[in-house]
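Here the structure is laid out as structure tokens; the discussion comes afterwards.
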Amino acid sequence: MALPDKKTLEIVKRLQNARLDLLRKQPFYALLLMHMKFALDNTVEHSYTDGNRICFNPDFLCEIDDGELEFVLMHNVLHAALSHPFRVQADYDLEVFDKACDIVVNSNILYSFGGTDLSKITLKKYGVMPHHTPSGKEGYELTLEQVYNELMHAKRKKPKTKQKSAGKIKGMECSSCQESEDGEPADKGDNSC
């Protein structure tokens, strides 16, 4: 077994410190995080969860500050707590499902901070993360399936032109959207820290 390099040890320490900081600031999320493993995965652009662990691209972790890291941790652990990786249906549009999951998660995080401080769900490089449904409701007001249905309805109504997804970060999705070529959730290996 090879020993971790200096960069990996720094990342592990930073993740542990962020989890401890959340214990003071957001104990609900911190408690959930105590049951999650962390892993590094160079094949993903940002981060994801498979419901049991949160996997991060090491370079992404180096790009974000401590407040943003806390958001990313809360974001991923809430996907796991709400069982998002396990709720996708075979006939779902995975891109729409992922966006619905993100709206519900981001809105709940915003709500846990009083509902008005958008900096709590913002990554400087990407802006404010999506938290409203197409009807303008906050995601925490609806079930995942209701948000998904709203998004699908809105998608059907729009003309079929390529549009850039505002606030979407490829790679910060639940593991249901991390699929292998056969359509099954991808096994990213076990690089748990």
If you go through region 89-99 one residue at a time, do you hit one that is within 23 Å of Leu61 (Cβ to Cβ), of a type in the set (A, V, I, L, M, F, W, C) and in contact with a Phe, Trp or Tyr (Cβ under 9 Å, 6 or more places away or on another chain)? no
Only unsatisfied item for Val147, checking (1) at pLDDT 65 or above; (2) of a type in the set (A, V, I, L, M); (3) within 21 Å of Leu22 (Cα to Cα), is (3)
For region 78-97, enumerate the residues that are of a type in the set (Asp, Glu) and open to solvent by 50 Å² or more (accessible area, probe 1.4 Å). Asp91, Glu95
Residue among Glu10, Glu70, Glu45, Glu63 that is touching a helix residue (DSSP H, G or I) at 6+ places or on another chain (Cβ under 8 Å) and open to solvent by 90 Å² or more (accessible area, probe 1.4 Å): Glu45
Between Ser83, Ser192, which is within 17 Å of Asp50 (Cα to Cα) and modelled with pLDDT under 65? Ser192
Looking at Ala100, is it open to solvent by less than 60 Å² (accessible area, probe 1.4 Å), in contact with a Pro (Cβ under 6 Å, 6 or more places away or on another chain) and modelled with pLDDT of 75 or more? no
Quickly run through region 25-35 and pick out the residues that are part of a loop (DSSP other than H, G, I, E, B) and surrounded by 19 or more Cβ atoms within 10 Å (Cβ to Cβ). Gln26
If a residue has to be assigned to a helix (DSSP H, G or I), surrounded by fewer than 17 Cβ atoms within 10 Å (Cβ to Cβ) and without any contact (Cβ under 8 Å) to a residue 60 or more places away in the chain to count, how many in region 112-140 make the cut? 2
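The values are calculated or read from the model by the stated rules, or taken from the named source; none is laboratory data. None of these values were measured; they are calculated from a predicted model. So basically every Cβ, Gly included, is an ideal-geometry build from the backbone, and we count neighbours across all protein chains shown. Just the protein is used for accessible areas: all its heavy atoms, side chains included, with ligands, DNA and RNA removed. Shrake-Rupley method; radii C 1.70, N 1.55, O 1.52, S 1.80 Å.
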